[in-house]
């Protein structure tokens, strides 16, 4: 089955499920809504079926039948008070430790950690699903920012890229076999010296930033477009349904990532054993060479061999230089210099411009719980114009930089650019493949509060991208997505701002310290597959967490499945809290 056919099948299956589920869920909506009623202190004690409708009092006390406000490190235990009889001191302290450790491990693997933050927010911190999703985005924002502070200074794992044409790879068409593949440390050192001594005297080694900015400029807007759609879908999805969706997506991703981990681990282990064997072989060769020199009384044989070697090397170099077109070499060096810039300011500026544009449109449009700065609602035509503008802005960005990536690869292929074996050779087929799955990752990010890296990270690894490059690049993209969504959640009042700010800084610090330590270990051991294994474990734990939360939530409401919510709801003047308060007596306003 071709990729296009698989896409069509996936979309058709999704539509069929929606068509089947919507009537069933909608039929149960009135039944579920009528069984649970909670007092909303902010609105004078009026009853609501969902505390998410009680502005500022989003947390539900099923025992007292009321909505309450959550306070960070609250130590009071005064019964009957909607603000004070909820002590969460130790819960918040344990949460701090869990969030700190998760941020370091998740960021090192190139994921935001939302697959852990969302379940733990519900199970440990006792947040409702949607506020937990918002807290997750604030945490991901902090963790990804901490990761960026580390990644932006780091170089690509291949720090000795050469300006020669190299040997084409049969396994990866268009790419070059690594010069140092299958060589011991001393052989590598000798080979590097020969390279620098040869050529036209202008040779040097090149490298790149560990963040692939070209990839980020194409994939980030695709992910942000998906996040926009995910947030729209979340307006109508009941909690149980998006938990089901999260469990299915994360479960499948965990399975695929574990498969990739076992393959990558076997390769890393074989490579490590090969390096040990090469070192032993090299040591034996050095000892034999020393013995030969000692046994050669006059040294003529060694001198003759050395002269022959020098002449042979010179002839080989001359032949290679004759084969290399000087114009191609000059252009190749220009590309290598361009790609080696640690801080490509124009590319970083484009990413910032993308974020600013989407954020401005988002605040003009407004969202669930947050008013538009220009006063429009979902009942106005302007609202839907701005929704369309969000997609045009992000998808337009992706189209422009997707084309630039393909053009850039073609220009480099024309001059025999030394592509690394883990580089993405952009063409229109790869653009289609990456854009589809990145868009889906964005939908998941906006819908269930994860950073998208749990889908993107495994995708890049399956496509052969170097694990260190994929983790750094996805972390950059997650920063853009999570920051805008986190701001919207906090501004909407769906997340207590104290918790959002506090866990933002906890995750920033945890990511910075944890990623620094883990990256150093991976560089020292050369076992990049460890990152893949940790990533798979995190995703599997997130899947289990989603399933546990789903069953716990359904058990709380006697397994009553509520239906889809209205997409556009605007409170009338009569139903607003200030108006309702005027019609209530003092006893009704202060029931406790």
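Readers should treat all values here as calculations from the given coordinates under stated rules, not as data from a laboratory. Fair warning: this is a prediction, and the values are worked out from it, not measured in the lab. Every residue, glycine among them, receives a Cβ derived from its backbone with ideal geometry; neighbour counts consider all protein chains shown.
As an exercise, use a Förster radius of 25 Å and the Cβ-Cβ distance of residue 377 and residue 558 to find the FRET efficiency, rounded to the nearest 0.05.
Working: r = 35 Å, r/R0 = 1.40.
Approximately 0.10, to the nearest 0.05.
Within 10 Å of each residue's Cβ, count the other Cβ atoms and sort 244, 109 from fewest upward.
Numbers: 244 16, 109 30.
Fewest-to-most ranking of 244, 109: 244, 109.
Simple spin-label model, 7 Å along Cα-to-Cβ: residue 271 to residue 410 in nm?
Label-label distance for residue 271 and residue 410, simple model: 3.2 nm.
Listing 210, 385 from the residue with the fewest other Cβ atoms within 10 Å to the one with the most, what is the order? Kindly include the intermediate steps, with their values, before the conclusion.
Numbers: 210 22, 385 12.
By the 10 Å Cβ count, ascending, the order reads 385, 210.
Let me check against my output: what whole-number percent is the relative contact order of region 350-412, with C-alpha pairs under 8 Å and at least 6 apart?
Working: 35 pairs, mean separation 18.2, N = 63.
Worked out over region 350-412, it gives 29 percent.
For residue 259 and residue 385 in the same chain, what is the full-extension length gain: residue separation times 0.36 nm, less their Cα-Cα distance, in nm?
Roughly 41.0 nm would be gained on extension.
Run the simple label-point estimate for residue 55 and residue 285 please: 7 Å along Cα→C-beta, distance reported in nm.
Taking the two extended label points, one gets 7.6 nm.
Based on the Cβ-Cβ distance of residue 392 and residue 427, what FRET efficiency does E = 1/(1 + (r/R0)^6) give at R0 = 25 Å, to the nearest 0.05?
Details: r = 25 Å, r/R0 = 1.00.
The computed FRET efficiency comes out at 0.50.
Would you mind ranking 97, 116 so that the residue whose beta carbon has the fewest other beta carbons within 10 Å leads the list?
Working: 97 11, 116 26.
Lowest count first: 97, 116.
Quote to one decimal, in nm, the extra length available between residue 187 and residue 62 on full extension: 0.36 nm per residue of separation minus the C-alpha distance between them. Before the final figure, lay out each step's value.
Details: separation 125, 0.36 × 125 = 45.00 nm, distance 7.03 nm.
Separation in residues times 0.36 nm, less the Cα-Cα distance, equals 38.0 nm.
Between residue 126 and residue 551, what is 0.36 nm times their sequence separation minus the Cα-Cα distance? Round to one decimal in nm. It would help to have the intermediate numbers written out before the result.
Values: separation 425, 0.36 × 425 = 153.00 nm, distance 1.48 nm.
Extra length from residue 126 to residue 551 when fully extended: 151.5 nm.
Suppose R0 equals 22 Å; then what is the FRET efficiency for residue 360 and residue 233 from their Cβ-Cβ distance, rounded to the nearest 0.05? Please report the intermediate quantities before stating the final value.
Numbers: r = 23 Å, r/R0 = 1.03.
For R0 = 22 Å, the calculated efficiency reads 0.45.
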